[in-house]
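In what follows, a structure is listed as structure tokens, so that the remarks can point back to it.
The values are calculated or read from the model by the stated rules, or taken from the named source; none is laboratory data. Given the structure is predicted, the values throughout are model-derived calculations rather than measurements. Methodologically, a virtual Cβ is constructed for each residue, glycine included, from the backbone with ideal geometry; neighbour enumeration extends over all protein chains shown.
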Amino acid sequence: RGHSGRTDDMVWLCLCLAGNGACARRRSHNPRAGRDIKGDSPFGKSEAYIKLEQLGEGSYATVFKGYSNLTNQVVALKEIRLQEEEGAPFTAIREASLLKELKHCNIVTLHDIVHTRETLTFVFEYVHTDLSQYMERHPGGLHYANVRLFLFQLMRGLAYCHRRRVLHRDVKPQNLLISEMGELKLADFGLARAKSVPSHTYSHEVVTLWYRPPDVLLGSTHYSCSLDMWGVGCIFVEMITGVPTFPGVRETYDQLDKIFKILGTPCEEDWEGVSQLPGYKPHKLGFYRGQKLGLSFPRLYDILEGESMASALLQLNPDNRIEAETALKHRYFSNLPKKLYELPDEVSIFSV
């Protein structure tokens, strides 16, 4: 078979992984395979969902607010356009297979998958806004108590992913959903990767520029969980100040310049191997001395251990960045209830 056939098989594999009705229809000869008279599951059918309004559009998918006739609940419908020659984008297959395995309160829930000739639709729980929109509605920085709770939930979700050797690879405010209750949920796992070893070689074309770590900007393709943690650091400072931490405006070297002006230009003495990275070109990099983050972002000093947490996350050398599991025990979270650390994965911190 050609490329399209292989991709279609991958789609069906993905649907089976998701355990929904679309897969069940393929085995409908089994009298126990479904719920209705035909032995067919109600899941995996386009008629089970009604589109209400468009919420957003990306390079390969459109997201709609929808309604489920199965659960009588509002849902989010991520509709992926299938190219006849290419089948489903591999990012979609990757997202579905990973989300099937990730069951956590701080990770968006995938309810169902609907496969038609033209589209592949993911049915997610509906969460009414994202962190980017939330910050736009609260200009000038968020209340420090809210920052702490959002960061704790983000660390909690990422620690769960990283324990399962899954990197998100696109941590940014637009991919962090915020419920009306204040629950934060990691979403959009299209770039995520399951990794079998602590570090691996991947494409460096990941993560929106503002949240991309310096090692990746310099061309490194050898990274692990530290990739996600840099993005967390950028978001942490942005929540406090109300403005992006490193807002590059043109391209890679402009972004690096924004970072190095604050954290200093790295050298072999404090980051072994940095000069060997493909993008490390001294004539394109300005030389800056590093300084305390609090000097550039004074509000960090207004929060107990805020500067310490930001510095632990925003380390130029990826080997020095704090891990999510360790960050949960950082002194910045010391005033949170101890019961939060005993919660099962699928239970919200707001149950305490």
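Taken residue by residue, the stretch 250-264 has at least one member that is farther than 19 Å from Ile178 by Cα, of a type in the set (Lys, Arg) and not in a helix (DSSP H, G or I). Would you mind telling me which numbered condition in (1) assigned to a helix (DSSP H, G or I); (2) more than 19 Å from Val243 (Cβ to Cβ); (3) under 28 Å from the mean Cα position of the chain (by Cα) Leu300 fails? All conditions are met except number (2). If the condition is being modelled with pLDDT of 90 or more and surrounded by 22 or more Cβ atoms within 10 Å (Cβ to Cβ), then the stretch 191-216 contributes Tyr211, Arg212, Pro213, Pro214, Asp215, Val216.
Say we look at the stretch 110-139 and pick out the residues that are polar (S, T, N, Q) and within 18 Å of Lys65 (Cβ to Cβ); which of these is surrounded by the most Cβ atoms within 10 Å (Cβ to Cβ)? Within the stretch 110-139, the match that is surrounded by the most Cβ atoms within 10 Å (Cβ to Cβ) is Thr121.
Out of Phe246, Phe287, one residue alone is closer than 27 Å to Leu142 by Cα and either within 22 Å of the chain's Cα centre (by Cα) or not assigned by TED's automatic domain parsing to the domain that holds Leu110 (or both). It is Phe246. Kindly list the number of the only condition in (1) surrounded by fewer than 22 Cβ atoms within 10 Å (Cβ to Cβ); (2) under 25 Å from Tyr332 (Cβ atoms); (3) outside the structural domain of Glu342 (by TED's automatic domain parsing) that fails for Ile107. Answer for Ile107: the failing condition is (1). For the stretch 286-325, the set of residues classified as more than 17 Å from Met239 (Cα to Cα) and charged (D, E, K, R) consists of Arg289, Lys292, Asp319, Arg321, Glu323, Glu325, listed by residue number.
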